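The values are calculated or read from the model by the stated rules, or taken from the named source; none is laboratory data. Computed from a predicted model, the values in this text were never measured in an experiment. As a convention, Cβ positions derive from the backbone with ideal geometry for all residues, glycine included, and neighbour counts pool all protein chains shown. Side chains are part of the model used for accessible areas, which takes the heavy atoms of the whole protein and leaves out ligands, DNA and RNA. Shrake-Rupley method; radii C 1.70, N 1.55, O 1.52, S 1.80 Å.
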Amino acid sequence: MDKHSSSVVSAPYNVFKQTGSANWSVRFSIPGQGQIRKSLGTRDRHEAEKLAQRFYYESLLKAESGLNVRAKSISRIIQDYITHMEARVAQTRMPKNVALQNTAILTRYVDGYFGAHNPNFISSKTVDAYLSWRSDYWISGPGKDIHFITYERNGKTITSPITDKKRVRPTPATLNRERAALSGFFQFCFDSQYIKTIPEIRTAKVGYTARPGFSCEEYKRFKNHAFLHITEENLNPDVKYDRVLFYCYIQIIALTGMRPTEVKNMKWGDVIGLKFNDKGKPYADDVHLRVYGKAKSRELIPHREVIHTVIWLYRTYQELASFSPDKNDPLFLHQDKTPFKSFTGQFTRALQACDLVRDYRGVKRTPYSLRHFYITEQLKNGVDAYILARNTGTSVQMLEAHYDHNTNEKYKDMLRPKRDD
């Protein structure tokens, strides 16, 4: 039995001791929020009465302001939000990679700073303090004593060392991604009535961030290297198979502007216009591509030359692996028909062989650089930015911010007007 009483007969709360506890607690009901219980953390009855009165009226004020009285620690609310994101992923309302990225940010950084506090601690001032703390996390903050991090990828637990190269302040772009995760969490807190207003999260100016691509000459050198590797004499059939797939991979991205993740998501049924003769050999007059990525889909119009690459890829499966892909098969397949996971190793080795690992600014190239090459060339050739943005699944603003600096060549006549001597 609980021992309870009210020293003031009309008090709308009960102070009581629960069986097995030495400390006093308080309980009361608030319309619409049910019964509220809280340990007062004291054995002194007189002190408990004062604390109970204060907690009751603070709770009443919160309820009248539209807030949730059942205050949890921010750490517990983060776990609720992670569950909320997992549900949204299951409903295809949130990309899985975004949920995983947000979870990593929230559990390491947001929980590390805000976790023990209740939601009342959240304000524009504490957010600014958090961002400062986050910037120093791996240098002079809690991360300076962390030597390994453990995370999950594709169902596997991976342990990665924290090297000196990783002990740097986050870039403005990284902080902006983390602000987006923080903003989503604050919206959840607001919707759950834990906070009355969403604090302002000031966005860092990222500034000029030109993407590493290829010039025409550089791409030609890179592509030719990959092609010549296929034509080497006495080449092992398995090696030739992998090299043909790699060549087709770089050509498809360079001729379509697809993101590497979109290529990975693509199936043979997404190649619209591919036909087969009575012997099962592929041919096409024209092809369009259905593309899936970033939780959106679109139909993409590639360069016409992509037809030859797609047909070569299909015939490689028939001639070197003895199978014809089904419409539900991924575009790139191992010889046992399992999905090709990555071309990273081949891409890096080809860059090294061509002395193209970094661009003129020293920025390291990645498969995304093939997409940047495509977009830059299209802009140089006068393709309308709005149409190009739709075709590549981005925005005109992104094109202007990251690519249009490379397109002065198309304006060279305007930039060189006739001058009177």
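In region 230-251, the qualifying residues are those that are open to solvent by 60 Å² or more (accessible area, probe 1.4 Å) and touching a residue at least 40 places away in the same chain (Cβ under 8 Å), and the one that is nearest to LYS337 (Cα to Cα) is ASP238.
Return a yes/no flag: does region 285-303 have any residue that is open to solvent by less than 30 Å² (accessible area, probe 1.4 Å) and more than 20 Å from GLY393 (Cα to Cα). Checked against the condition, which is being open to solvent by less than 30 Å² (accessible area, probe 1.4 Å) and more than 20 Å from GLY393 (Cα to Cα), region 285-303 yields no hits at all.
If SER7 passes every condition in (1) farther than 30 Å from TYR113 by Cβ; (2) at pLDDT 85 or above but one, which one does it miss? Condition (2) is where SER7 drops out.
Within region 53-64, residues that are under 10 Å from VAL26 (Cβ atoms) reach partners that are modelled with pLDDT under 75 with beta carbons closer than 8 Å, at six or more positions or on different chains, in the pairs SER59/VAL69. Checking the condition part of a helix (DSSP H, G or I) and either open to solvent by 80 Å² or more (accessible area, probe 1.4 Å) or touching a strand residue (DSSP E or B) at 6+ places or on another chain (Cβ under 9 Å) (or both), which residue from GLU178, GLU217, GLU200 passes? Only one candidate qualifies: GLU217. In this structure, SER132 qualifies as exposed (fewer than 15 other Cβ atoms within 10 Å of the Cβ) and free of Cβ contacts under 8 Å to residues at least 40 places away in the same chain. For region 255-271, the set of residues classified as part of a helix (DSSP H, G or I) and within 19 Å of the chain's Cα centre (by Cα) consists of PRO260, THR261, GLU262, VAL263, LYS264, ASN265, listed by residue number. When GLU377 is tested against the conditions (1) modelled with pLDDT of 95 or more; (2) touching a Cys at 6+ places or on another chain (Cβ under 9 Å), the lone failure is (1).
Listed conditions (1) in a helix (DSSP H, G or I); (2) surrounded by 12 or more Cβ atoms within 10 Å (Cβ to Cβ); (3) of a type outside the set (D, E, K, R) are all met by THR394, apart from (1). Looking only at region 30-48, count every residue that is in contact with a strand residue (DSSP E or B) (Cβ under 8 Å, 6 or more places away or on another chain), closer than 23 Å to SER73 by Cβ and not in a loop (DSSP other than H, G, I, E, B) and tell me the total. Qualifying residue count for the region: 7.
For region 143-150, the criterion of being open to solvent by less than 70 Å² (accessible area, probe 1.4 Å), among the hydrophobic types (A, V, I, L, M, F, W, C) and not in a helix (DSSP H, G or I) is met by at least one residue.
If the condition is being touching a strand residue (DSSP E or B) at 6+ places or on another chain (Cβ under 9 Å) and either at pLDDT below 95 or farther than 15 Å from MET266 by Cα (or both), then region 313-324 contributes ARG315, TYR317, GLN318, ALA321, PHE323, SER324. Examine region 310-327 for a residue that is open to solvent by 40 Å² or more (accessible area, probe 1.4 Å), without any contact (Cβ under 8 Å) to a residue 24 or more places away in the chain, assigned to a loop (DSSP other than H, G, I, E, B) and of a type in the set (Asp, Glu), and state whether such a residue exists. For region 310-327, residues open to solvent by 40 Å² or more (accessible area, probe 1.4 Å), without any contact (Cβ under 8 Å) to a residue 24 or more places away in the chain, assigned to a loop (DSSP other than H, G, I, E, B) and of a type in the set (Asp, Glu): absent. ARG211 falls short on exactly one of the conditions (1) surrounded by fewer than 17 Cβ atoms within 10 Å (Cβ to Cβ); (2) closer than 28 Å to VAL357 by Cα, and that condition is (1).
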